[in-house]
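Written out below as structure tokens is the structure these notes cover.
The values are calculated or read from the model by the stated rules, or taken from the named source; none is laboratory data. Every value quoted in this text rests on a predicted model; they were computed, and no experiment measured them. A quick note on method: Cβ atoms are made from the backbone with ideal geometry, for glycine too, and the neighbour counts reach across all protein chains shown. Note: accessible area is taken over every heavy atom of the protein model, side chains too, but ligands, DNA and RNA are not part of it. Shrake-Rupley method; radii C 1.70, N 1.55, O 1.52, S 1.80 Å.
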Amino acid sequence: MTNRKLIAGNWKMNGSLAANEALLDALLQGVGAPGCDVAVCVPAPYLAQVQGRVAGSPIALGAQDVSAQPQGAFTGEQSAAMLNDFGVRYAIVGHSERRQYHGESDEVVAAKTAAALARGITPIVCVGETLAEREAGRTEEVVKRQLAAVIHVNGHCISEIVVAYEPVWAIGTGKTASPEQAQSVHAVLRAQLHHAASEHAAGIRILYGGSMNAANAAELLGQPDIDGGLIGGASLKAPDFLQIIAAAR
Ligand code: 13P
């Protein structure tokens, strides 16, 4: 089974009203009728701006996080219902930067996954090992533990999530996992999904993220279990992001 690929940009904490306008102008001009699904995951203050610009285009809107809580005294957080108000289709959950700088545990990531699913938002659940974990031979154990936490989210079908394998050592470092390294972890994740939900496993998209760029995208995306990309730095440069989209078919 070949999944329609998903190329999602993660703008992280970058952009401004003016910079976003310029980036979106170029993306909307160049995207055409893409052979893959496309999304941009933008900082929360820009959801309204980007919603207005991508409406009616092939570019879907994504958020970079979602609260595990439905509402209330949680200063600084955005609920899934609020994201619904802006037509948000995807929410990144458990990015390594949230795990590292905000202490998000597997349990929190699972609760956020459930909160997104409950509101019809597709969570892009990130897993990935640090360099120390890889060097200690613990890659499989770490990613399997992280994926296991979200596999049985109450009342929802695992087929509604997107998984992103993002080796922490490859994020923003220019050091990409080789296609073979990435494929071997993707195959582990696929097998785990198969074990948990055999009838859905083949259809669950597993994205690769970590220094994916215009030059290396085609080879990574050519691997059998790589169903798309979660792109940081290169998603801020329209020509690069468009080339990655073109490589995904
Ligand atoms: P880079 O593409 O900048 O390495 O970032 C990857 C990432 O963290 C996407 O979520």
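Residue count for the range 228-237, restricted to those that are open to solvent by less than 10 Å² (accessible area, probe 1.4 Å) and either away from the ligand (no atom under 11 Å from the Cβ) or more than 15 Å from the chain's Cα centre (by Cα) (or both): 1. Count of the range 238-249 residues, restricted to those that are within 14 Å of the ligand (Cβ to nearest atom), among the aliphatic types (A, V, I, L, M) and either in contact with a Pro (Cβ under 7 Å, 6 or more places away or on another chain) or open to solvent by 40 Å² or more (accessible area, probe 1.4 Å) (or both), is 0. Pairing residues of the range 222-249 that are in contact (Cβ under 8 Å) with a residue 24 or more places away in the chain with residues that are away from the ligand (no atom under 14 Å from the Cβ) and open to solvent by 50 Å² or more (accessible area, probe 1.4 Å), at Cβ distances under 7 Å and at least 6 apart in sequence or on separate chains, gives Ala247/Ala218. Against the list (1) under 18 Å from Asn20 (Cβ atoms); (2) in contact (Cβ under 8 Å) with a residue 24 or more places away in the chain; (3) away from the ligand (no atom under 16 Å from the Cβ), the condition Ser79 fails is (1).
Restricting the first residue to the range 45-65 and requiring it to be within 13 Å of Leu28 (Cβ to Cβ), which pairs with a second residue that is surrounded by fewer than 20 Cβ atoms within 10 Å (Cβ to Cβ) and of a type in the set (A, V, I, L, M) meet a Cβ separation below 6 Å and a spacing of at least six or different chains? Going by the 6 Å Cβ cut-off, the qualifying pairs are Ser57/Leu28; Pro58/Val31.
Checking the conditions here, which among Ala111, Ala116 is open to solvent by less than 10 Å² (accessible area, probe 1.4 Å), assigned to a helix (DSSP H, G or I) and of a type outside the set (Asp, Glu)?
Values: Ala111 fails: open to solvent by less than 10 Å² (accessible area, probe 1.4 Å).
The match here is Ala116.
Of all residues in the range 144-160, those satisfying the criterion of being at pLDDT below 95 and either polar (S, T, N, Q) or part of a loop (DSSP other than H, G, I, E, B) (or both) are His152, Val153, Asn154, Gly155, His156, Cys157, Ser159. Residues in the range 170-219 that are under 29 Å from His152 (Cβ atoms), within 13 Å of the ligand (Cβ to nearest atom) and not in a loop (DSSP other than H, G, I, E, B): Ala170, Ala182, Leu207, Tyr208, Gly209. Residues in the range 35-50: is at least one open to solvent by 20 Å² or more (accessible area, probe 1.4 Å) and under 16 Å from Thr122 (Cα atoms)? Taking every residue of the range 35-50 in turn, at least one turns out to be open to solvent by 20 Å² or more (accessible area, probe 1.4 Å) and under 16 Å from Thr122 (Cα atoms). Restricting the range 152-169 to residues that are over 16 Å from the mean Cα position of the chain (by Cα), hydrophobic (A, V, I, L, M, F, W, C) and more than 16 Å from the ligand (Cβ to nearest atom) leaves a set whose member that is nearest to Val125 (Cα to Cα) is Val153.
Let me confirm something: among Ser198, Ser184, Ser211, which residue is among the hydroxyl-bearing types (Ser, Thr, Tyr) and in contact with a helix residue (DSSP H, G or I) (Cβ under 6 Å, 6 or more places away or on another chain)?
Working: Ser198 fails: in contact with a helix residue (DSSP H, G or I) (Cβ under 6 Å, 6 or more places away or on another chain); Ser184 fails: in contact with a helix residue (DSSP H, G or I) (Cβ under 6 Å, 6 or more places away or on another chain).
Among Ser198, Ser184, Ser211, only Ser211 is among the hydroxyl-bearing types (Ser, Thr, Tyr) and in contact with a helix residue (DSSP H, G or I) (Cβ under 6 Å, 6 or more places away or on another chain).
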